[in-house]
Structures are given as C-alpha cells and as structure tokens.
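Data block below; observations after.
The values are calculated or read from the model by the stated rules, or taken from the named source; none is laboratory data. A quick note: this is a predicted structure, and the numbers were derived from the prediction, not measured. Using ideal geometry, Cβ is built from the backbone for each residue, glycine included, and neighbour counts are taken over all protein chains shown. For accessibility, only protein heavy atoms count, side chains too; no ligands or nucleic acids. Shrake-Rupley method; radii C 1.70, N 1.55, O 1.52, S 1.80 Å.
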Amino acid sequence: AVKTVKANPAIHSTKLMYFLSDQHRSALVTSSYDIFSCYAQTLQIEGAWRADGKGLSIWDKFAHTALKISQDENGDIACDSYNKIAEDINSLKTLRVNHYRFSISWPRIMPDGTTRKINEAGLNYYHRLVDALLAANIKPQVTLYHWDLPQALQDVGGWENDTIVDRFRDYADVVFNSLGDKVKFWITINEPYNVAMVGHGYGSAAPGISFRPGTAPYIVAHNLIKAHAEAWHVYNDKYRAKHGGIVGITINSDWAEPRNPYKQEDADAALRVVQFQIGWFAHPVFNGDYSDLMKNIIRERSLAAGRPQSRLPEFTPAEVARIKGTHDYFGFNHYTTVLAYNMDYKNLEHYDADRGAGTVADRTWLDSGSFWLKVTPMGFRKILNFIKEEYGDPPIYITENGVSERGPMNLNDVHRIHYYDNYINQALKAYLLDGVDIRGYAAWTLMDNLEWATGFDEKFGFFYVNRSDPSLPRIPKKSVWNYATIINCNGFISPGESPHECQIHEPEAVICLLIVSFFLSVVLSVVSFIHPSIHPTESFLVYRIYSSTSVGQFLGFGSVRS
C-alpha cells in the first residue's frame, strides 16, 4: 500500500524534506541540507559555447561531428541559460525547490584545462547565478565535472593520461577558492561509470572511444577515482574549516533482479550487474579498493587470455589510504531496474564480458521516451537498502531521478507525474520503514534540454522549452504543479485530506489555455483530413496564426508539428 503522510502546516512552514526529521541528522549536515532540488547540466542548458573566452569541450567537438547527435543537434545555444538566469530562477521558484543542482563547465573556467589562464568572465557567470539563487532563497548544489572535459586535455590523452588527476585537483582548487564562501554542497564528479564506460567503452558519448573496451574504461575509472579523492582532500585540507561545506561523488546505478528468480546463476548475474556498476566506484571511495568480486573476475579472465596481469589497474597502498573515506555522503543517481541473466562471452575482452551478464526488461513495465528507462519504482527502494547495507549506512543524497518522454509535446505529462509519485514514495518507504539515511532528493531535470547523443528528442524536463521561439520560453508542464505540491505540502496528502491548503494549483489561465489548445488541435486535425491535397505549409495556416499569438507562444505551439 502507498505510504501517505498527512500534510502538517507546522512542518511545512519549516521547509523540511518530508521524509526527514531532526533526530535523523548528524552533526555534519545541518538543517539547511534538507533538500528538495532540481538538476540541470551546463552543456545541456547553457549554450554560449564560445562566449566570453570559453574553451572547447569534448562534447563541443563530439556534437559538431556528423552523425554523433540525433538530427545533428548541438549545444551551441541549447536553452541559452547563460543569458537567462532570471528565467531559470523563476522556473525554480515555481517548482518551490529549496536547492538547485547545477554543474560548472571546466573549459569555461580554464579554456585549456590548466591554470595557465583563469577565465574570470566564466567565473563571473557562476557568481551571478549563485548570487541570484541565494537572493531567491535557493541554495546551490554544485557539480564540478559532468562530462565536459576541456578538449585541450583530451588532445593529450584525457582521462587515460594519469596527469589528469593533478589537472582536476587544480581545477577544483580554483572553483572552491572562488565560490566556496557561497556554496556549501559540492559534487566532484557526476556518474563516473558513464564517463568510463559510455565514453570510453561503448563510444556513444564524448570522446567517443570504443576500440579498447576491455582496458580503456578501467584506466579511465582508475583516474576518475583518484581525481575525485584529490579534489576531496583539497577541500578538506584548505576550505572545510573556513567554509563548512560537504563534498562527495555522485554514482549512478540501475538495480538488477534475476530474470529467473529460481535460478542461482541469474541471481549471481544480478549481483554482478550491481557490483560492476555502483560497486566499481563506491568500493574504492568507501572501502579503499575495488571489490574482491571485480578484482578476481577480471584477473582470472585476463590471465586466461594470456595477459601477464589483470586489465584492472591496482591501487598502491598509499593510494588506497588516500582514496578511502573521501566522502561526506553518498551521492546517488537512479532511474530504472533491469532483469539480469548469466551470459558467457568466452574470451572476449570487454567490460560486458567481465561482468558476465545480459540484461532485459519485463514486458509489463511501463515504457518511457528512452529505450533504456523502464518505470520500475520497486527497484529504487531495493538499491537504497543495498547502499545502506553495503557501505555502512551513509547519508544518501539522491542527486538525479526522473523520466523522459518522446514525440509531440503534451503539457499534460501524467506519465511523469506517475513516475515521480511512485519513485518518491519508494524513497519514503526506504527512509521510514527501512531506516535508510536519505537526506535529499533532486529531480532530473528543470527543463527539456540537449539530452546528449539523443539531442532534443528525449524530454526529461518539468518545463517545455519552445525552441521555435527565439526567446526560448520555459513553459510549465502539469508535473510542475505536482512536484511543487509535494514540496509545499512536505509530502503526500492523505486522500481524506484532499483538497488541502498546501496544494499548488495550476493558474486558471493555464487551464483555460490547455482547453483552447485541445479544441485547436481538433480543428487542425479536421482541416488536415478534409484537405489532404493542400500544401503542408497552407494546411497549417490556422495553426501558424495561432502560434503567432501570445497564447500560442505560451503553450509552445510553433515547434510542434503533428
């Protein structure tokens, strides 16, 4: 049964996260870290790709390479957030979030990735953003690295070159020094698994390397872990006493269930899927080294293939000591669950072969706009409990969770509402019933943006961005009011208490516009059906007249063509 929490105006006024309470906080995290947040990534929303001295990133190059991004889209303009701080703040205020997670562009700060030149104009942009957030009583959560490596560093080996560890430490030092008095929540690296495996194994993300899938991902991951540790130590040694913030890494992982729960080999495969994803990075950060499971499997497969040693690099004793414990919390991104089964890849040198598991989805699971994302709320509670049991009950900040849609825009995004209600409810159960120490929750994402290699096809946002309008207006979907209500009510309203004064309702003007848009869509369908011979441009005459009005622009018409 769904666990509901009665809205309590006294609690609501304190803006506490609805599944937190004072007695569950440690001395490390004050009440200001009780977080409802939303996340948006720099390359996906900022635009201004060459403005004010910004250097090129690997994603700039990747997006300007033919056939890499759906419909040859790129992030040159994206959502133009570089020039729309006020608009983005207004969107956040509409959502009622008390925190905003965003990432910093390394090449915007250091065009060539080194301290040779610090781009003050880039730093000033982030100062303006942070100041605007604080003025709106929204606290910043800042990610140092979300995949946009300076191209100049990639030209000398990127994350495969171990000098990257020192370069990242220097970059972190510059940002901590500049923004540390205003920012108290830091994430060093977002989803190192995707950097290592998707960028350097499958090659479907920048820098697009795929020809050494049995070695390159492990080298990259090794350096990512060491770079994170160095950034953590920089903050711990130089800034923690003065600024009093917290620092961690954000790790992403699916949950895995055995395809056949009665087969032990499928159960073992499910464990390997989780350990080769979340454990790949969490074990070193929390325990100092890779898990024995990973080390043993990769070593045995490497030796069997005739190699003199394991393809998985080894940490020195000094590195183990340096890495272990470099966390103030467990940052966690989660979206979906898979069904795992045992699979023998023989002598193939590949991460997937090392993992020895295939994955599928249950046909009954609800779909999304992303082929890999199936709506499976039950896995969220299970993997939160896994983190608790495996890594010593750390404080957990959920730093990404959300669902996509694809196709013609529909502002009535009930699919997204269903997803958030059920996933947030599973997090609530993990906290209240299982004792998982959850401290915060961030939804992905604020607005529809450049979703990496899928371009603008997949839409994860609460706000629709009308890309046919040069002003790129942010237009709220129905899920905005649902998420705002969860935050404002400090939880789910008991059915017997609804309607409740804490609920956030759509403005009446929005409801009227939605009704008008429905009838307009009917008219357009009839026109197209009656006059199929009319030139497409003429058949959308009424549509185009409507889209030129302020009502049409608000609803986003002008970019939807079906």
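Descriptive notes on the structure:
- Label-reachable residues, the range 365-399, where backbone N falls under 19 Å from a point 7 Å from L293's Cα toward its Cβ: 379-394
- For N252, the residues whose modelled amide H falls within less than 5 Å of its own, excluding neighbours fewer than 5 places apart on the same chain, are E191, Y193, N333.
- Area of D292 that stays accessible when all protein chains are in place (1.4 Å probe, Å², to 10): 100 Å²
- Charge tally in the Cβ shell below 10 Å around T336, where Lys, Arg are +1 and Asp, Glu are -1, T336 excluded: 0
- Centroid-to-centroid, using Cα positions, the range 437-459 and the range 204-254 are 20 Å apart.
- For the range 316-426, averaging the sequence separation of C-alpha pairs within contact (under 8 Å, six or more residues apart) and dividing by the residue count gives a relative contact order of 32 percent.
- Residue pairs, from the table K238/K295; K84/K139; K324/K346; K263/K324, whose Cα atoms sit over 28 Å apart: K238/K295; K324/K346; K263/K324
- Amide hydrogen neighbours beyond the local backbone of R439, cut-off 5 Å, H modeled: I396, Y397, I398
- Extended-chain gain in nm, criterion 0.36 nm per residue less alpha-carbon gap, K61 and E265: 69.2 nm
- Per residue accessible area in Å² of the range 394-501, where ligands, DNA and RNA are left out and the probe is 1.4 Å: 28 Å²
- Sequence-distant residues sharing a close amide H with S57 (under 5 Å, placed H): Q151
- Relative contact order of the range 59-192, pairs being alpha-carbon contacts under 8 Å that are 6 or more residues apart, as %: 27 percent
- Taking 37 °C and 0.692 mPa s as conditions, the range 235-314 diffuses translationally at an estimated 216 µm²/s according to Stokes-Einstein applied to its Kirkwood radius (Cα pairs).
- Cα-projected label distance for F211 with N124, points at 7 Å along beta-carbon direction, nm: 4.4 nm
- With a Förster radius of 30 Å applied to the beta-carbon distance between N137 and K242, the computed FRET efficiency rounds to 0.80.
- Separation of the range 128-203 and the range 316-348, taken as the distance between their Cα centroids, equals 20 angstrom.
- Computed label-point distance, nm, for sites K346 and N83 using a 7 Å Cα→Cβ extension: 5.7 nm
- Remark: spin-label model distance D76-A51 equals 1.5 nm, labels positioned 7 Å along the Cα→Cβ axis.
- Alpha-carbon centroids, the range 261-283 and the range 37-75: separation in whole Å: 34 Å
- Among the GluC sites (Glu not before Pro) found in the range 255-356, those both in a DSSP coil and sparsely packed, with 14 or fewer other Cβ atoms within 10 Å of their Cβ, are E314.
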